[in-house]
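Everything on this sheet refers to the single structure shown next.
The values are calculated or read from the model by the stated rules, or taken from the named source; none is laboratory data. In this text the structure is predicted, and so the values were computed from the model without any measurement. Don't worry about glycine lacking a Cβ; one is built from the backbone with ideal geometry, like all the others, and counts go over all protein chains shown. For the accessible areas, the whole protein counts, side chains as well, though only heavy atoms, and no ligand, DNA or RNA atoms are used. Shrake-Rupley method; radii C 1.70, N 1.55, O 1.52, S 1.80 Å.
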Amino acid sequence: IQNQISTPDLQARVYLEQGQPEQAAALLTAQAEDWEDFLLWGWLKYQQGDDAAAEQSLKTAAFSGNREAHYYLGQMYERQGDFVAAETAYRRGFSPRASSENIAVNIYDRRGGNDLAPQLLKIGAGERQAQAWLALARLYERQQRFDDAAQLYRFLLTEDPFLQVAAERLAALSP
């Protein structure tokens, strides 16, 4: 069961998204109590440049199953120049959603297959959920691994055809 995110945590997240770690710190509990706290404290410490504390908190959040923590770990490792660790973290930060095509579903009390309601069963990834793999693709671009980057962008577009940033980056890589 996932913990509910408290209002101060949401406010702290907004401050962190705006690059204001001091304001976020004032809203967070002194001691991390759940995965969201560990994620937010790790993100805060990352923004403050305290990589050791950031890594410890983010690894705890990641161990608890939070995929977003892998994105920030990747960002930190990339900033440190450890591209192998960054790639590993980014890869762990995105989990494609798959559903079996052979399942039976009931829609309006009629049995049917998955193909009858793809809009109900296939939910796009969205930019926030795909941020780790978008960062990985950009890392590949920086390393001039353009084929690997293009492959990731194509995969993300398979997951969510409306993921505009992936479409734009793929178009920029195409000759």
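Below, the figures for the structure above:
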| quantity | calculated |
| --- | --- |
| Qualifying position, being open to solvent by 60 Å² or more (accessible area, probe 1.4 Å) and among the aliphatic types (A, V, I, L, M), among ALA32, ALA12, ALA52, ALA61 | ALA52 |
| Residue match in the range 117-126 (condition: on the phi < 0 side of the Ramachandran plot, among the small types (Gly, Ala, Ser) and either in contact with a Gly (Cβ under 6 Å, 6 or more places away or on another chain) or at pLDDT 65 or above (or both)) | no |
| All positions within the range 142-175 that are open to solvent by 30 Å² or more (accessible area, probe 1.4 Å) and among the acidic types (Asp, Glu) | ASP147, ASP148, GLU168 |
| Of residues in the range 16-29 being more than 18 Å from the chain's Cα centre (by Cα) and open to solvent by less than 20 Å² (accessible area, probe 1.4 Å), the one nearest to ALA85 (Cα to Cα) | PRO21 |
| Given (1) crowded, with 20+ Cβ neighbours inside 10 Å; (2) in a helix (DSSP H, G or I), number of the condition GLN47 does not satisfy | (1) |
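Okay, residues lined up against (1) closer than 20 Å to LEU40 by Cβ; (2) in a loop (DSSP other than H, G, I, E, B); (3) modelled with pLDDT under 90:
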| site | (1), (2), (3) |
| --- | --- |
| GLU55 | yes, no, no |
| ALA61 | yes, no, no |
| GLN75 | yes, no, no |
| ALA85 | no, no, no |
| SER99 | no, yes, yes |
